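Below is one structure; the comments refer to it alone.
The values are calculated or read from the model by the stated rules, or taken from the named source; none is laboratory data. Just so you know, these numbers come straight off a predicted model, no measurement behind them. Here the Cβ positions follow ideal geometry from the backbone for every residue, glycine too, while neighbour counts run over all protein chains shown. Protein only, heavy atoms only, side chains kept; ligands, DNA and RNA dropped before computing areas. Shrake-Rupley method; radii C 1.70, N 1.55, O 1.52, S 1.80 Å.
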Amino acid sequence: MIWNDEFERLPREALESLQAKRLQQVAERVYATVPFYKQQFDKAGVKPEKIKSLDDLRRLPFTLKQDMRDNYPYGLFAKPLDQIVRIHASSGTTGKPTVVGYTKRDIENWTELMARSFTAAGANRGDILHNAYGYGLFTGGLGAHYGAEKIGASVIPMSGGNTKKQLMIMQDFGSTVLTCTPSYSLYLAEAAAEEGLDIRKFKLRIGILGAEPWSEKLRNEIEEKVGIKAIDIYGLSEILGPGVGVECIEAQSGLHIWEDHFIPEIIDPISGESLPDGEQGELVITTITKEGIPMIRYRTRDITRIIAEPCICGRTHRRLERMCGRSDDMLIIRGVNVYPSQIESVLMDIEGVEPHYMLIVDREGTLDTLEVQVEVNEQTFSDEIKVLQGLSRRIEKEIKDLLGISCRIRLVEPKTIARSEGKAQRVIDNRPK
Amino acid sequence: MKVEQISIFIENKSGRLAEVARVLGEKGVNIRALSLADTSDFGILRLLVDNTDIAQTTLKENGFTVNKTEVVAVEVPDEPGGLCNILQVLDDAQVNVEYMYAFVERNAGNAVIIFRFDDVDNAIAVLNEKGVSILSGEKLYSL
């Protein structure tokens, strides 16, 4: 099913000329209204009227998360506050929160893109949509809420937390679509089992899951344990919130990014060079319709690649491969780039191993060390030491085969690795900075 | 003539062993014999208790990973050479021992050796043939 046939199937040529026109408009608008952008453009020696084609995009400077912090709270707003109808912010765990503002039209666009995203994910007006993304400053809850109402689904505004109640409501109200983080969906399944309930027998049929990188293996695990089709959704508050891109249920392979509103690029995270479609690197997004806080070449830190091949669903918008991790989550261990999701996929390949894990990075002398904590469960546990040591050695070997680094496996008791109701924390880096 | 043993996965963290003992004690489960095998990260606690089912359920409810295995309890005279004789019998028949532990009976003056074999049935056949005394679960729990 397609929500907006005209735009979602716009021929590439028309789509690209629309992008070029909107790019030119946004460049002129930010230059005129946001002193930060004027300064950045001037420094880069580029005049907004020179931005005529999509290729000219590369001449514009990048915008970083740090720029948002430096202009905290309202410095990057392109509209006066009397036209801003909603303010969201990131959690600010690593410093001041990044603040974003939406005009009325921004909210309408966001709602439209969420409606497209939900429809692409297979949800429709007959669904009872259980929204367990957090409401509040975090964009997930309200973003999903508005989109779900737009498609005419019955929305249950659960927000995060209070897992027992979530399960009760889900069962009693007959929820059919679940929106939350991938790790929380698994946690719900576990918590249900502890209550003696089988979440697979609930009416849930689709999970629209996002806000953290997850692997294909984890998807399989979720589909089996929760008994749903698990669809990946992508977004970030700096750009919009959820609904920047989504997988279609037809292909379940790559997230269509709504190119009539965003221009995606892939760059080498170290050199900043643009990379061609198909190559993996950091995702950079330029918003071309946003009014409140337009973003020019925002470095998302998310690592992915662009899939340019047409999709079986008929949408013409290009796809992003599922996020492999974040360039700032990327660990450099003894010179090797390691993403937590790579270790996750090794663990998922070993039968019986739990999808919960924690990576502890430390330094002994001059050598980086990596410890991978893995939970033991009834399936992997044995009364014989050699069996458990064999399991450790196997994980260690497969990580070494994949990443070329040796690590130490630490088997830990079940349920001792924290379950997350929001974004999962997978890494503790104790190395001196 | 097999005996049920439960094994528990325990991280090397202070208080975990005490926690196992506490939850079993509170349920009135009596530990007949135990052995702890340890590595630098974790240990496997093996227990013979007077009520295996209650012990297993209780520990699971308290978040422990537990499994049940079948072991063989052999009674030997508590005197020099007692253990050697048994091991010789097993060795002659090429029965492989995964692990073992022992305790001494309070009254009878015998030692009880708990064996974990990879092939339990074959091991029992060999021991029976040589007239070795194998304890039943009932007998063992009531010692």
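Worth a mention:
- Computed about its Cα centre, the charge dipole of chain A is approximately 1060 debye, with only Lys, Arg, Asp and Glu carrying charge at their Cβ.
- B versus A: buried accessible surface, summed, Å² (probe 1.4 Å, to nearest 100): 1800
- Lysines whose Cα lies under 18 Å from that of A:LYS397, excluding same-chain neighbours fewer than 8 positions away: A:LYS386
- Straight-distance crosslink candidates among lysines, where the alpha carbon sits under 16 Å from A:LYS79 and sequence neighbours closer than 8 are dropped: A:LYS38, A:LYS104, A:LYS290
- Buried on assembly, segment A:355-398 (at least 40 Å² less accessible surface than by itself, 1.4 Å probe): A:GLU378, A:PHE381, A:ASP383, A:GLU384, A:ILE385
- Residues in the protein assembly as shown average 43 Å² of solvent-accessible surface per residue, probe 1.4 Å, ligands and nucleic acids excluded.
- Cα-based Lys proximity count in chain B, under 27 Å, for pairs eight or more positions apart or on separate chains: 15
- About the Cα centre, charge dipole magnitude for chain B (Lys/Arg +1, Asp/Glu -1 at Cβ), debye: 480
- Over the residues of chain B, the helix contribution to mean residue ellipticity at 222 nm works out to -9500 deg cm²/dmol, using -39500 (n - 2.57) for each DSSP H run of at least 4.
- Ellipsoid semi-axes for segment B:10-143, based on the Cα gyration tensor and the rule √(5λ), read 29, 17, 14 Å when sorted largest first.
- Sorted largest first, the principal axis extents computed over the alpha-carbon atoms of segment A:1-133 equal 52, 41, 28 Å.
- Whichever lysines have a C-alpha closer than 19 Å to that of A:LYS203, once near sequence neighbours (fewer than 8 apart) are set aside: A:LYS164, A:LYS165, A:LYS225, A:LYS229
- Along its first, second and third principal axes, ordered by size, segment A:138-269 spans 48, 31, 26 Å in Cα coordinates.
- Hz values of 3J(HN,Hα) by residue in segment B:81-91 - Karplus curve (6.51, -1.76, 1.60), Gly and Pro given as x: x, x, 5, 4, 4, 5, 5, 5, 4, 5, 5
- Over segment A:269-311, the ratio between the Cα radius of gyration and 2.2 N^0.38 Å evaluates to 1.31.
- With every protein chain in place, segment A:1-116: carbon and sulfur % of accessible area (1.4 Å): 51
- Relative compactness, chain A, computed as alpha-carbon Rg over 2.2 N^0.38 Å: 1.00
- The relative contact order of segment B:1-128 comes to 25 percent, based on Cα pairs under 8 Å that sit 6 or more residues apart.
- Percent of alpha-carbon pairs separated by more than 17 Å within segment B:81-143: 39
- Rotationally averaged projected area of segment A:322-431 (alpha carbon convex hull; nm²): 7.5
- Taking all protein chains as shown and a probe of 1.4 angstrom, A:LYS164 keeps an accessible surface of around 140 Å².
- Mean projection area, nm², convex hull over Cα of segment A:227-278: 5.2
- Expected-Rg normalisation [2.2 N^0.38 Å, Cα atoms] applied to segment B:14-89: 1.34
- Inverting the pair-averaged 1/r between distinct Cα atoms of segment A:104-215 gives 14.0 Å as its Kirkwood hydrodynamic radius.
- In segment B:66-110, the convex hull through the Cα atoms has an average projected area of 4.2 nm², a quarter of its surface area.
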